[in-house]
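Before any comments, here is the structure.
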Amino acid sequence: TIRVRGDSGLGKTTLLDWAETQTSAAVIRLTGSESDAELAYAGLASLVKALRNLRVIVPDPHAQVLDDATGGGSPQGLLKVSGATLAALAAAGEQSPLLLLIDDAQWVDDASCAALAFALRRLPDEPVVAIITERADMPSPFDNAGFETIDLKGLDIDDAVALLGVGTDAVVARRCIEASGGSPLALSELA
């Protein structure tokens, strides 16, 4: 599991788009939503739906715990839900290698993040890989999960000139970098 952190517009979502096109593994993509951030297990509900779409068979007691947590009954405790999440991801990995992409994780609810972190830390022998993207300027539920973290930075002058196009004056490029913080999205819009 790898976390990719950076400011808005640095290309985190583009990275996930690219990763999705580069794999033959089954892909599950979750995207955090600011409006759902306070709804316990909203993110996990998306995972459960995606697993069903892949026709993953989750062992029975775990499937019931996940159904209960995501709206089908009385929610179980976080440890049970985390164990059920582990069982579900392991079942998916046994069926086919799995790439789990979590975008805007800063807006995935804390309960779902806790269950996912618990599961992902315990899947080293399963063919399950996760890439988590999140904004650097916001706290994340994955901050204490112990996952490797890559911090993205803005483009340097050479890369900015390349993005802005051949013939771009270095002084103009430098001013654009200063104005945009090196954000590829902002540089493209400035161009």
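The values are calculated or read from the model by the stated rules, or taken from the named source; none is laboratory data. Every value quoted in this text rests on a predicted model; they were computed, and no experiment measured them. These area figures cover heavy atoms from the full protein model, side chains too; ligands, DNA and RNA do not enter into them. Shrake-Rupley method; radii C 1.70, N 1.55, O 1.52, S 1.80 Å.
Surface composition of region 1-120: carbon plus sulfur atoms contribute 52% of the solvent-accessible area (1.4 Å probe, protein chains only, all chains present).
Taking the Cα centre of each part, how many Å lie between region 62-125 and region 137-186? With region 62-125 and region 137-186 each reduced to a Cα centre, they are spaced 33 Å. Helices meeting the span-like rule in the chain (full DSSP H runs, Cα extent of at least 27 Å along the helix axis, mean Kyte-Doolittle score of 0.0 or higher) are absent. Report, to one decimal in Å, the Kirkwood hydrodynamic radius for the chain based on all distinct Cα pairs. With all distinct Cα pairs of the chain included, I get 17.8 Å. Counting every C-alpha pair in region 95-171, the share spaced more than 18 angstrom apart comes to 53%. Straight Cα distances below 21 angstrom link K80 to the lysines K49, with same-chain residues fewer than 8 positions distant left out. Just so you know, the Cα atoms of region 35-134 work out to an Rg and Dmax of 12.3, 35 Å. Using a cutoff of 8 angstrom between alpha carbon atoms and counting only pairs six or more residues apart, the relative contact order for the chain works out to 32 percent. Length gained on full extension, A179 to D125: 14.9 nm, using 0.36 nm per residue less the C-alpha separation. Taking amide H as placed 1.01 Å from N in the peptide plane, the amide H of T133 sits under 5 Å from that of V4, I102, D103, D104, A105, each at least 5 places away or on another chain. In the context of the full set of protein chains, residues of the chain present 52 Å² of accessible surface per residue (probe radius 1.4 Å, heavy atoms only).
Karplus-derived 3J(HN,Hα) values for region 129-140, using 6.51 cos²θ - 1.76 cosθ + 1.60 with θ = phi - 60°, are 10, 10, 10, 10, 10, 7, 6, 6, 8, 10, x, 10 Hz; glycine and proline are entered as x.
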